[in-house]
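Some notes on the structure that comes next.
The values are calculated or read from the model by the stated rules, or taken from the named source; none is laboratory data. Everything quoted here is computed from the prediction, not taken from an experiment. Cβ placement follows ideal geometry from the backbone for every residue including glycine, while neighbour counts extend to all protein chains displayed. Only protein heavy atoms, including side chains, enter the accessible area calculation; ligands, DNA and RNA are left aside. Shrake-Rupley method; radii C 1.70, N 1.55, O 1.52, S 1.80 Å.
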Amino acid sequence: MFVRKDNGEKMTGLELSKLIKAREVGVAEAVRVCLDSAKSNRHNAFLAVDEESALAKAAVIQKKLDTGDAISPFFPLWGVPIGVKDNISTAGIETTCASAMLGGYTPVFNATVIDKLQQAGMIVVGKLNMDEFAMGGSSETGNRGAVLNPWDLERVAGGSSGGSAAAVAGGEIPLSLGSDTGGSIRQPCSFCGVTGIKPTYGAVSRYGLIAYASSLDQIGVIAHDIDDCAALLAIISGHDERDSTSVLKEPFDFEQPKSDKLDGAKIGLPRNYFEKGIDGDVKASVLAAAKQFEALGATVEEFEMPLTDYVIPAYYIIACAEASSNLSRYDGLKYGFSAENAKNLSDLYRKSRSEGFGLEVKRRIMLGSFVLSSGYYDAYYKKALQTRALIKQAYSGLFERFDMILSPVAPSTAYKRGENVNDPIKMYMGDIYTVSVNLAGLPAVALPCGFDGAGLPVGFQLIGDAFSESALVKAARSYQGCTDFHVQKP
């Protein structure tokens with residue numbers, strides 16, 4: 001872990017890049033520190049490490065810096081190492097989605113976000129552990145074992161981007177990329193005490209992201225603080241002609257605000273999120289964050305969040321339906337795992353999918369196939385789509401009243417490994433505060449805001465209207481400018 005010499009706090013990616021540009025730290029030196037941490041893998045956060053290629057790219061980037069390249073030194077994260085969730089395609093680095101189904105698969109192309117990272121002078125050092133095919137809420141369903149929470153190795157890191165959050169929280173990497181389908185960036189950030197951004201759907205290219213639920217999946221960023229997150233999101237955002245859902249014409253430009261005050265900002269606080277099913281320590285920490293925003297000049301007003309009883313059913317019907325379609329391509333023939341000793345084609349399909357997929361993935365495929373089947377499509381899938389439209393409409397009405405909404409990320413802090421993985425209903429209910437954001441395609445930032453009685457981090461989220469990332473980043477900067485939860489380390 002890189003730390004500041006003056007106070008021993010975690011060094012951010014922006015601070016590390018400044019040292020690299022000032023020739024106080026070499027690019028290869030920074031990469032080697034992260035490679036050593038990744039290879040030790042004390043939190044089981046890394047699935048693959050690309051040492052040879054990372055060091056070669058570090059040499060190229062250092063050379064460009066030393067020869068006075070007219071553009072490259074001005075990239076804000078130039079020379080900084082990064083880890084990438086294992087469902088994002090990386091040419092020459094194994095990409096498995098933490099599944100036996102893709103064991104040994106090495107893409108021949110980069111996802112668009114990887115090309116953008118490399119153009120900005122960043123170095124991918126490895127691929128990060130996750131729930132299998134991003135299906136899970138604890139990063140326990142992958143075929144290489146559970147990710148360990150740096151704050152307590154007996155507890156989960158959250159999911160599905162648990163490796164991305166744990167690697168940052170544990171000091172193995174300054175920042176990382178994850179993906180968020182129903183809270184998969186925000187919940188691990190809350191459990192691991194780090195900062196993350198789930199962008200608006202269409203703000204970041206999904207080209208090269210291995211699909212779980214195509215209308216919900218979105219690549220996002222995780223780092224120690226909001227400034228690193230904003231710098232990284234600015235790099236990977238923007239239009240991509242290879243992604244038909246890409247709608248943001250130009251990358252985000254997050255200017256530093258002239259004032260930390262939030263005078264005039266209106267923040268909504270959903271009172272029904274705090275009435276039942278939420279741990280007392282989580283409730284107290286999130287409400288304290290709301291008080292802090294009032295001290296910064298914002299107006300915080302309580303309201304009743306509509307449709308809360310319907311968001312989980314609607315989300316899992318839509319997500320599983322899309323998953324059953326997206327994962328139908330893994331049939332044992334074209335690519336991926338192929339079972340041995342199959343008697344015929346039908347037997348090959350059955351054995352390959354039975355042996356290649358884990359329990360949670362098979363559960364969601366079966367649910368998705370059921371709701372899309374004849375006789376049940378109208379009863380379940382069509383109604384879920386109608387509910388999704390109502391959720392979008394409800395958010396539109398709320399953002400006529402509020403600039404943003406403040407809510408918990410999860411009802412609890414990180415729980416013990418094995419505690420919920422065999423209870424899917426309990427696991428799914430942990431997404432109660434996050435999935436509506438994905439159903440509506442909205443942006444949200446997750447920030448640490450305290451600790452429970454066991455010393456585990458608590459997080460909250462700020463939800464904004466579509467493409468309001470600049471306002472969310474400004475509010476997050478104001479909050480982190482007067483609190484120190486984001487600089488605490490395990």
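Yes/no matrix, rows are residues, columns are (1) part of a loop (DSSP other than H, G, I, E, B); (2) modelled with pLDDT of 95 or more; (3) farther than 29 Å from residue 103 by Cβ; (4) not β-branched (Val, Ile, Thr):
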| residue | (1), (2), (3), (4) |
| --- | --- |
| 362 | no, yes, no, yes |
| 365 | no, yes, no, no |
| 383 | no, yes, yes, yes |
| 388 | no, yes, yes, yes |
| 391 | no, yes, yes, no |
| 395 | no, yes, yes, yes |
| 405 | no, yes, yes, no |
| 427 | no, no, no, yes |
| 431 | yes, yes, no, yes |
Some residue of the stretch 148-156 being among the acidic types (Asp, Glu) and assigned to a strand (DSSP E or B): yes
Residues located in the stretch 55-77, provided they are assigned to a loop (DSSP other than H, G, I, E, B) and either modelled with pLDDT under 95 or open to solvent by 60 Å² or more (accessible area, probe 1.4 Å) (or both): 67, 68, 69, 70, 71, 75, 76
Lone unmet requirement of (1) in contact with a Pro (Cβ under 9 Å, 6 or more places away or on another chain); (2) free of Cβ contacts under 8 Å to residues at least 60 places away in the same chain; (3) among the charged types (D, E, K, R) for residue 465: (2)
Scan of the stretch 133-185 for residues that are charged (D, E, K, R) and open to solvent by less than 10 Å² (accessible area, probe 1.4 Å), ordered by number: 172, 180
Some residue of the stretch 195-204 being aliphatic (A, V, I, L, M) and surrounded by fewer than 23 Cβ atoms within 10 Å (Cβ to Cβ): no
Residue count, the stretch 449-490 (criterion: closer than 24 Å to residue 253 by Cβ, in a helix (DSSP H, G or I) and open to solvent by 10 Å² or more (accessible area, probe 1.4 Å)): 7
Subset of the stretch 205-218 that is of a type in the set (S, T, N, Q) and in contact with a helix residue (DSSP H, G or I) (Cβ under 7 Å, 6 or more places away or on another chain) - its residue that is surrounded by the fewest Cβ atoms within 10 Å (Cβ to Cβ): 214
Single condition residue 314 does not satisfy, out of (1) out of contact with any Lys or Arg (no Cβ under 8 Å at 6 or more places or on another chain); (2) surrounded by 14 or more Cβ atoms within 10 Å (Cβ to Cβ): (1)
Within the stretch 219-258, tally of residues that are more than 20 Å from residue 486 (Cβ to Cβ) and either more than 18 Å from the chain's Cα centre (by Cα) or part of a loop (DSSP other than H, G, I, E, B) (or both): 18
Among (1) surrounded by fewer than 24 Cβ atoms within 10 Å (Cβ to Cβ); (2) within 26 Å of residue 166 (Cα to Cα); (3) not basic (Lys, Arg) - the single one residue 99 does not satisfy: (1)
